[in-house]
Structures are given as C-alpha cells and as structure tokens.
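One structure is given here, and the rest of the page talks about it.
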Amino acid sequence: MQMINIYIKALFKKLSRFSKHPYFGFVVFGIALVIAQLFSMGGILSQSVMTSFVLTMIYSVVALGFALLLGYAGLASLGTAGFVGLGTYLIGHFSGTLGYPLILTLLISLGGAVLLGVIVGFISLRIEGMYLAIITLGLAEIMKEVFKSFSAFTNGVNGLSFRDFNIFGIAISANAVNFIVIIVFILMIVATLNIIKSPTGRAFLAMKNSDSAAQSMGIALLKYRLIAFIIATLYAVIGGMLYMINQEFSIPQKWSLDFSLNILAAVIVGGAQSVTGIILGTFMIFGLNSAVLQNIDFFVQNPSATWILNGTLIIVVIMFYPGGLIRLLKTIVYKVKGWYLQLRHLWRIYRYGQDSK
Amino acid sequence: MINNLLIVLVISFAIYFLIDILFLRKKSKRFIYRARLVNVLFVLGILSGFYITITQMTLYIFLQIFLLNIAELCVLALATTGIVLIFKTSVTTNFAQGTMATFGAFFAAKLLLYLTRFVDMSMTLKLILALCASAFVAFLIGLFIDVVIIRNGKNVNSIGKQMITMGLVLLLLGLMPLVYGLIPLTVEAFSYDVKIFTLGEMTLILPDHNYYSLIITVAILLVLFISLRFTKWGLGVRATASNEIVAGMMGVNTRIITAMSWGIAGALGGVAAFLYAPVGSQVSVSYMVPVQVNAFLASVLGGFSTFGGPLVGVVLINLFQSMASFFNSVWSNVIVYTLVLILVLAKPFGLFGKRTAKKV
Amino acid sequence: MAKILNNLLLKVYLSRSVRLIEKKELIEMYLPISEKNIRFRQTRRQDFIDAQLKNSLMNFSIKAGEPSELATQTKLECLVKIEDRFFWKQKALEMTLKRKEKKGILSSTETVEKNKLLQEQKLQSLEKCELQFSANAYSENRWKKEYHLKKEELETLAKLRKESFDAKVERKISTQRNNAATRVGKMNQKIEKMNLRLLNLKTHSTQHNYSIPEDVILKIDHLNMRFGGLLAVDDLSFEVKKGEIFGLIGPNGAGKTTIFNCITRFYRPTSGKMIFRKNDLEVIDLNEFQVHNIIRQGIVRTFQNVELIWELSVLDNLLVAAHTIYRSGFFSQLFQTRKFHQEEEVMKSKAIEVLKMLDLLPYQHVYPYGLPYGILKKIELARTLMGKPQMIILDEPAAGLNDAETENLEKIIKTIRDQTGATIFLVEHDMGLVMDICDTVCAISFGKMLAIGKPSEIQSNPLVRSAYLGEETE
C-alpha cells in the first residue's frame, strides 16, 4: 500500500514538472479550444461564440506581432492594417486566383512579408518616434490605395473571395480550417514566448529602455530594429492569411486606420508585455462584440456603440491602469487574497483565543 | 509625370553621392557639409520637378487647378495648425483632431437644417452662424477633452497621451451616430458663383467658395500668428511649448494655456470641417479622415518643432496632389504619399525641424 | 591587389579565431555546470532508492516487531498530529466556555463534563495509533524470520541498483569529459593553425601599425571635440598604462564625460587618435569602430546617470551585458534548442558569481525600479564585469555614496583590478577615493590638460590647486 502511494507521488511529481513548465497553461488553453471547436461542431456550443473565439485567435496573432514591436521594442507603427490586408490578398491571389499549391504560396507570402519588413525596418532606421508612427500610417494608406486600384491582384473595391482552400488537393472544410487556426495560434504564442525570453527579447527591452546602455553592451540598434519590424510584419501577414482562409472574403475598406487603432487598443487594454494580457485584450475589443454584446438589444440597435465602449476602455485603462487589464486582474486577485487572509485571521482569533496562529 | 519625377530623383541622388564620395570623404566637418548639400539638393530638386511638371502641364492648367484646389489648401492649413498647436503645448499628436472637427460640422449642419425650417434668415447669415457654431462646439469639445482627460492624465507619458487621443477617436466616432443619426448631412457653400479674372493672356476661374475660404483662413491664421508673436498669451504658449514645468514656475498659467490651446485647435478644426463639407462630400462620420492623414503628413514633412514649417508642408502636399491628379487620377494618392515618404526619408526631422540629442 | 586581399583575409581570420575561442570557452564553462546537474540528479535518485527500501521494509518490520526507522518515524508523526489536533480542540473548548461564561449561561458541571469528554477522546485516538504500529497482533517468530530474509534481499537489490546507477553516471560524466576534451583539443588545433596564419599574414599586411609602448593600453593623441562653437576637449594627449587605475579629475564642465563618450564612440571626435591595445597581437584606432562594437574590443563603461533597464530583473540586466558572448543565432533562440539552454545556464552561473562578488545576491530577481541609488550603481558595476573586459571606464562611481559605501567601493575596485587584471579608468569628484586608489591622476580644466602624474604630485601642483582643489588657507 505504501509502495503504491510512493509511486503515485513520484508520478505526480513528474507531471507537476510538466505543469511548472511556463508554456503548460497555453497548451491546456489550446486543448480547451479544440474541445470548444468539437462542441460547436456537435452543436453544444453556439456558432456565434465559436466565431468570436476564432476571430479573436486570428486577430491576436496580429496583436502579438504588434505587441513585440510596441511593448518590447518600443517602436510605434500604425501600418499593421496594410500588412494584414497584404496577407489576405497574397493567399487569395496565389492560392485562389492562380491556384498555386499551398507550399509555393506560403513561400511567396512569407518571403514577401520579410521583404516588406526589411523595407519598413530601413525606413525606421532614419525616422524615429512619433514621426515613424505617422510615416507607417502613410505607408498603410499607400497600401490601401494599391489594394483599391490594383484590380488584377485584388479585384479592386469589390473584394476578393477565396472559396476552396486545399492542401495537396484535399479540400478543407470550414470546421477543419478552425483547427488549423487553433494550431497556428498556439504555435505563434509559443514562438512569441521563446522570443521574449531569449537574448533577442532582452535586447529589445534594452533598446526601449535606454539605448545608450544597449549600445554600450554591444546591441546594434539598427539591426534589432530591423529584426523587430521583420517579426511584426511576418506575424501580420500570417494573421492575414489565417483571416482569408477563415472568412473567405477580403475588401480594401477594411484595412484602414481604424483597424490599426483597434489592434493598438487590444494590445494596450490587455497589457502590452504579457501574452495572456494581449489575448484578453483582443477578446475584449474584437470578440466581445460577437460573443456577448449581440445578445443585448442596445448594442444591436446601435452598432456604433461598441466603438464607444472600446474608446472609453482605452482611455480608462491608459489613465488609471497603465499595466493593462491583466495587471488589474492580478492586483484584484492579490487584494482579494489579502482580504481572505485577514478574515481568516479574525476567525481564528475568535475560535481559538487571542494569540493563535 | 512619374518619369519626370524619377529622373529628378535619380539625378539628385547621383549628385549627392558623387559629391559626397569625391569631395567630402576626407573632410572633418563632413556632416555639416552633408546637411547643407541635402538642403540645396532638396530645393533644387523640388524646383526643377515643379518646373518640368508645369511645363508639361502648361502654366494655365496648373494655375487653374491650383485655384480650384484652394479650398482644400485652406482646410488642410487650418487642420495642420491645430495639430501643431496641440503638439507644441501638450507634446502629443492629436489623432482626434478630425473627429472633433466632424462633431462640430455635424452640429453646424443640424443647425442649418433647423434654421432653414424654422427661422427666416438670408442664406449668408445662416451660413455664418453655422460656421461660428461649428467652431464653438469644436472649441468646447477641445476644452472638455483637456480639462477632463489630459489634466487628469498628468503622469501618463507622451506615448500614452497619443493613445488616449486614439481612444478618443473611437469614442467620438461611436458617439456621433448616436447623437446625430446615421444619414450624412449637407452643408452648402457660401455661394456657388465663380469669379473670373484675367492674368496676362489667361482667363482664370476662381470659385467663390474658395475665395471666401481663403479670406477666412488667412484672417484666422494671421490673427493666430500675430498673437503668438506679439501678445503676452502667445509668449506664454511658446514658453509652455518649450518647457512646461519651468514656464509654470515663471508664472505662466499653464493650465489655462493648455486648455485654450486645445480649444483653439478644436475651433480651427471646426472651421476646417465646415469649409470642407461643400467641397469634399457630405458631412458623414469619417469624411475628414483623408484631410487628417494629409495634415499629419504635412506636419511631419514640415517638421513639428516650428509653426511655419507645417504650413510649407501643406502647400507642398497640395501642389503635389493637384499635379498628380491631373496626370493620373487613379494612383494620385499613392504618388503623393510615396513622394512625401521619400522627402521625409531625406530629411528625417522634417524640412525645418531640428534634431534633439540626449546627454549621456 | 594582393594587399587588399591580404587585409580582407586578415579580418576574416581574426573574426573566425575570436569566434572559435569563444565557442571553446563556452564548452569549457558548460562542463562543470552539467556535471553539477548530473551529480544532483544522482543524489536525488539514491535518496529515492533508499526511501523505496524503507517503505518496502516497513510493513514487515511492524509485523516482525523489529524496530524500523520509518515505522517509528511514522508513529511519532501520527502521535504528534493527534496531540496537535487535540491541543486546538482544547483551545476551542476553552474559548466557547469563556464566551458562555461571559454571557452567563455556563453551568459548572458543563465545564467538567466537556473536558472529561475531550480527554477520553484523546486517549482513544492515541491508543488506536499505538495499536496500528504495534506488533502484538501478530505471531512474532514466523514474521521475524521472514523479515530478516526479506531485509537482506531488498538491501542487496537496492545496493545493486545504486551501483548500476552510479556506474551509469560515472560513464556519462567521463564520456562528456572526453567529448569536451576532444572538441576542445580540435578547437585548440584550429586556433593554433589560425594563429600561425594570422602571424603569417601580419608580416605581409599593410595595416596601419600603430605603435605604442608595450605597457601602454590606451593612448589619447591630440584629441579635439568641438560642438559647434564650443571646444569641449582641447588638444588632449595622455597615456594609460596596462593594469593601472587611472583617475581623471577636474571641475564640472571640464569635459571629462565628453572624453569618455569619445573613447566609447558615443561622439565622433572632431580630430585626434585614440589608440587602444586590444590584446598582445592587435593595436587598433578606436575611431574606426562604431558604438556597439566597442565592447567587442574590450572596453566597457558605466554611465553618470544610471542607465539600467528598468523592465528587466537585475539578473536579466547582467545577462544583457553578456549579449555579445552568446553564440546561438536567432533561430536557436526561437526554437530554444539545447545549445541555447546550455549557453543560458553558463551565463546565469557567471552572473550569479558576479553578483556574489558584489554582495548583490538578494536582489537577483528584483526589478531595479525603486532600489536605492548605491545599489543601482553597484548593479551597473556588476554589469561591466560580465565578459572579460580589458578596460573598465567608470563615470563617477562614488556619486551619491556615503563614506562607508565609498570605502567598500575602493575595496571592490581594487579587487576587480587584482582579480581580472583589467585597467580601470575613472572620473571622480571624491578626492579621498581618487588619491587612495589611483596609480596615475590626470587633471583637466576647460578641456585642456593641467597635469598628469602620481596622486601626491597632483595634490601639490599649483595649477591644479588654483583650478580645482583649492588653495591652502593660511
């Protein structure tokens, strides 16, 4: 009997080593999402909730790249909308209109993303701070105009639709696409965490906090700014591709300034430096709409009311909770724990007398 | 036109690199000479570009298009001055400039409808009243934003303040349909006549609306600049702009000055929106967005640190746009933005801006 | 043409040899860490085997009536738990009785009854516990024999397991050592070949050979720094000898920090040469390098306004300082390969050593935001010790420290110089510190040099006195 106890304890210890691994929570999260998708396929979970989850996942891939740029490297860029749009049109054009196999499209798209990131990175070497934000805004506007006018590539203002997504000739249904989205989402989270904890992530933070110290420690500012922009553009293009295979339609008007502002809001509201915060923020800005608010009459009648909510959220969070909602939640948990401990202490004094543990 | 621009660009780059490599490599004051070279090439390049394009376009057409675009020039100038004013006093780029202005324009349009229906006044009087109303409402919104939000966010750094303005954009964008309804409204121009005058052998047409908006804009900007240079208030604004804390210690009432700057910037935006409505389109929720983007690009082009620089940027962008839309209307925006991008890359702090170095 | 090719090859080989040396050092440094990990796991495994043995024996020992450690231990724990439980029950009982007494509804019999009840319960549980662990219920002899046999069997089994595991561990460690030794040996061969080639190339190369005397590590030659109309550094020349502590003094605004910024290339000097002896083979002019390459030449610095990274913990700040020593590229970091983890462990152990040397170990995982100023300066100093610097530039290290801390700092600086052999170049206003530890002192004022020499000479120099130190009061 004792032997079995010991073996069970050893097993738990080995498993707990897994659970102490910093990525364990996200893997469990991924498994929970897969279960949710299975439920929604079976009809237990409502379709709109699952759509909001999927949208949140797609946009949080974009938001993760943006957060690496803003929260870690301290570079402001309002051009995300253009890059995401580019991602949608790349996969829509090469896989859809031209019918190339998926591997070739991936190569072309990711290569194009790296190229674009290098261009924007070189621009960022010359221009700093808020000038960079406005210049990237101009860049996004350029891209939007190109999307509107370059009909051969993007089908103009009517939008591009992308119906049959297939890998090696096997057509993939809408539900299977959701699984792909989940897998890519978890992979992106793991990649982001790896970058954050590596010397590159620390170099980004050094660049943001004190560039003199970073330079004196051997971090070439220009190289790391380039790397940051390349990573952010890659994430945005991958997010765009996921968007296209999920929504199957892309229109240039969507990739405008307010999309970039919403991504910025998601990152800021959730907390710019923690991955959980970013996912939470993206859900609040993009997913809350479909999941919760559509059930409330006021929001259905006035579709612009969500914007008021988002705007107030940004202002309140920046003014009073600069660490984002995730830090607010952690503070709340901490405070509640404190109250609980106090109450327990008082109860102990009541039950056991004055000087008890 | 693109061919000309490319030729000019390539030639300027070639001259720059040749002179740099051949003459300046050995000198010690290389960077001062480089900067001067860039300035000279800039001026020469722009002038020659203009010259070539205008000869292609013929002077007559160029002047005509310029006169037709004066309204947009004035609108852009007002919007840009608003942005620069707020930047100088609160060290933030105000992304909500356009939306504050749209709010005022909506109010003015509603007021016009009300006046047309219930009160009997001449059209000009109604329009003047609506103009003042738009400016006043936008002024109030600017004041409100400063007093309620910016003042309480004292410990927010400048990036945070920028994001507060972005949040304000979303907030106002959502608020406007609730308050004013979803349908776009119209604002009529002061008059739809045109003025015809001759210059040499050319007969040029100047729409009345452009004429009046030019007068209004020049008057407002003159008043603003004169008061900035010569009055005590203007001195206070400039003092707060360079160092808010020390200005406060010297007795300048920084709170009133920042509040007034936000209000005045809002009023400028309101006037701009009112003047833009007859020209661009109807008053809808996002009709000032192109103007706002152009205003930001103009301020970046001109350099945020001066008041006059962005105005030069405004004129340049307007000229670029008129020329580009003549040659190729589909890609005109792309051409203009790319051109601005290249110019800003050549002078990263704006045409008249200055580089700030930090003491290590 | 051949000369250009020669120079190119020289550069390539130099960088390759540096990289090989760094790789070799990483392998050598990782070896003790991995051995430590393996030994730790070995002790853990042995403890596990022992615990298994005890547990298997426990039941038998109870039945056989033999005293077994684990049995007595468990019995004691059980008894202690019961005691504890009844202690708290007693206290609770007292409190309820007290409250009843206050309210006035207590009857005298109640107290006695309840107390007796409690004592009875306690005795019952104690007896049960004893019974569980006593051997009275079993017939002793049969179990005794079985117990001894079983004990021998299990003990031999445990010994075999331990021995096999130990053998495995030893094998693993020796193979690791052999592998590392072979790799290091190969690398040493490559490095020797590289050095031969380098020597060969150097004799044919036409690189600028800056010649400075053997014992001089830094020579500043007619340095001028002009900011527009202001001449901050005016035709300055001095030499810093290898392994000494060199002090630079002067009034505020004399240009001391400007000199540092010129040496570390934060500014570009208007004219003048800064010749640095990088190692035995190479002498370089610092003007040819960019800011972020200065640390690779062996010069590190601290800043006057403490420039730490506020969003990283103290340990991470030190790891950033080791940024140039990391050998793994971006993709090893992205996929977090084993090689990258090994390097991280090596760097972390180095950082902990440095923190131990400066007494900063309690602040390891703390964010530096809000720490006292003296601690922040120490963290900056710790940051310069990651890697092997040839020259450490300290910009006012004692600013803001009181007397005790300044004395501590003097000791630390001297230890650093003695242990690592680095040259220390400091700027300071605290004359006590300067005169105590500096071997040479240079005094400047308004960008011009006033005097250079031993501290005692500088103290008595009239120019320095009138410009900075102050005249003697009669």
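Only the coordinates and a few stated rules stand behind these numbers; no lab work does. Because the structure is predicted, anything quoted here is derived from the model rather than measured. Glycine gets a Cβ as well: all are built from the backbone with ideal geometry, and neighbour counts include every protein chain shown.
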Requested in this report: Go through C:Gly374, C:Leu31, C:Ile416 and say which Cα lies farthest out towards the positive end of the charge dipole of chain C; charges sit on Cβ, +1 for Lys and Arg, -1 for Asp and Glu.
Outcome: C:Leu31
Report task. Give me the net charge of C:Ser237's neighbourhood, meaning all other residues with Cβ under 9 Å from the Cβ of C:Ser237; Lys, Arg count +1, Asp, Glu -1. Result -> -2
Report summary line: Mean other chain Cβ within 10 Å across A:129-140 is 6
Report summary line: Here the range A:39-51 yields Karplus 3J(HN,Hα) values (6.51, -1.76, 1.60; θ = phi - 60°; whole Hz; Gly and Pro given as x) of 4, 5, 5, x, x, 6, 9, 5, 5, 5, 5, 5, 4
Query raised in the report: What net charge is computed for the residues neighbouring B:Gln321, neighbours being all others with C-beta under 15 Å from the C-beta of B:Gln321, Lys and Arg scored +1, Asp and Glu -1?
Result: -3
Query raised in the report: Under the Karplus relation 6.51 cos²θ - 1.76 cosθ + 1.60, θ = phi - 60°, what is the ordered set of whole-Hz ³J(HN,Hα) values for the range A:132-143, x standing for Gly and Pro?
Result: 5, 4, 6, 5, 5, 4, x, 4, 5, 5, 4, 5
Report summary line: When the charge dipole of the protein assembly as shown is computed with +1 at the Cβ of Lys and Arg and -1 at the Cβ of Asp and Glu, the Cα pointing farthest to the positive end, of A:Leu160, B:Leu301, B:Ala247, is that of A:Leu160
Report summary line: Given unit charges at Cβ for Lys, Arg (+) and Asp, Glu (-), the dipole magnitude of the protein assembly as shown about its Cα centre in debye, nearest 20, is 2640 debye
Requested in this report: Using amide H atoms built 1.01 Å from N in the peptide plane, name the residues 5+ places from C:Val283, or on other chains, whose amide H lies under 5 Å from its own.
Outcome: C:Lys278
Query raised in the report: Roughly how compact is the protein assembly as shown, stated as its Cα Rg over 2.2 N^0.38 Å to two decimals?
Result: 1.16
Query raised in the report: Hey, what's the per residue convex hull volume over the C-alpha atoms of the range B:72-299, in cubic angstrom?
Result: 138 Å³
**Report entry** Candidate lysines for bridging to B:Lys354, where Cα separation is under 28 Å - those fewer than 8 sequence places away on the same chain excluded
**Finding:** A:Lys208, A:Lys223, B:Lys26, B:Lys27, B:Lys29, B:Lys88, B:Lys154, B:Lys161, B:Lys232, C:Lys256
Query raised in the report: If you bin the C-alpha pair distances of the range C:417-474 every 10 Å from 0, what whole percents do you get?
Result: 20, 53, 20, 6, 0
Report task. Quick one: grab the alpha carbon gyration tensor of the range B:256-360, order the square roots of its eigenvalues as a ≥ b ≥ c, and give me rounded if a/c is under 1.5, else prolate or oblate depending on whether a/b is larger than b/c. Result -> oblate
Requested in this report: Per DSSP H run of n ≥ 4, the term is -39500 (n - 2.57); total these for chain B, divide by its residue number, and report the mean residue ellipticity at 222 nm rounded to 500 deg cm²/dmol.
Outcome: -24000 deg cm²/dmol
**Report entry** Unsatisfied cross-links (Cα-Cα over 32 Å) in the set A:Lys14/C:Lys23; A:Lys9/C:Lys172; C:Lys122/C:Lys150; C:Lys3/C:Lys350; A:Lys197/C:Lys24; A:Lys13/A:Lys197
**Finding:** A:Lys14/C:Lys23; C:Lys122/C:Lys150; C:Lys3/C:Lys350
Query - Cα pair distances in chain A, grouped into 10 Å bins until the bin that holds the longest one, percent each - result: 5, 20, 29, 24, 12, 6, 3, 1, 0
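In the calculated pair distance distribution of the range C:212-309, what percentage of Cα-Cα distances lie above 15 Å?
Percentage above 15 Å: 63.
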Query raised in the report: Can you list the residues, at least 5 places off or on another chain, whose amide H is less than 5 Å from the amide H of C:Leu426, using H built in the peptide plane?
Result: C:Phe246, C:Gly247, C:Leu248, C:Leu394
Query raised in the report: Which whole-Hz couplings ³J(HN,Hα) result when phi for each residue of the range C:427-439 is put into the Karplus expression 6.51 cos²θ - 1.76 cosθ + 1.60, θ = phi - 60°, listed in order with x for Gly and Pro?
Result: 10, 8, 9, 7, 5, x, 4, 4, 5, 6, 9, 6, 7
Requested in this report: Post the alpha-carbon centroid distance, the range A:305-352 to the range C:88-118, in whole angstrom.
Outcome: 42 Å
Report task. Name the residues whose placed amide hydrogens come within less than 5 Å of the amide hydrogen of C:Ala451, ignoring near sequence neighbours (fewer than 5 apart) on the same chain. Result -> C:Ala443
Query raised in the report: Projected onto the charge dipole of the range B:96-210 (+1 at Lys/Arg Cβ, -1 at Asp/Glu Cβ, origin at the Cα centre), which of B:His209, B:Val148, B:Ala105 gives the Cα projection farthest towards the positive end?
Result: B:Val148
Report task. Determine the dipole magnitude for the range A:51-291: charges of +1 sit on the beta-carbon of Lys and Arg, -1 on that of Asp and Glu, nothing else is charged, the reference point is the Cα centre, and the result goes in debye to the nearest 20. Result -> 340 debye
Query raised in the report: If the viscosity is 1.306 mPa s and the temperature 10 °C, what translational diffusion coefficient in µm²/s does Stokes-Einstein give for the range A:1-75 when Rh comes from Kirkwood over Cα pairs?
Result: 101 µm²/s
Query raised in the report: What shape does chain C have by the C-alpha gyration tensor, where a ≥ b ≥ c are the square roots of the eigenvalues, rounded means a/c under 1.5, and otherwise prolate means a/b greater than b/c and oblate the rest?
Result: oblate
Report task. Within a 10 angstrom radius of each residue's Cβ in C:302-310, how many Cβ atoms of other chains show up on average? Whole number is fine. Result -> 5
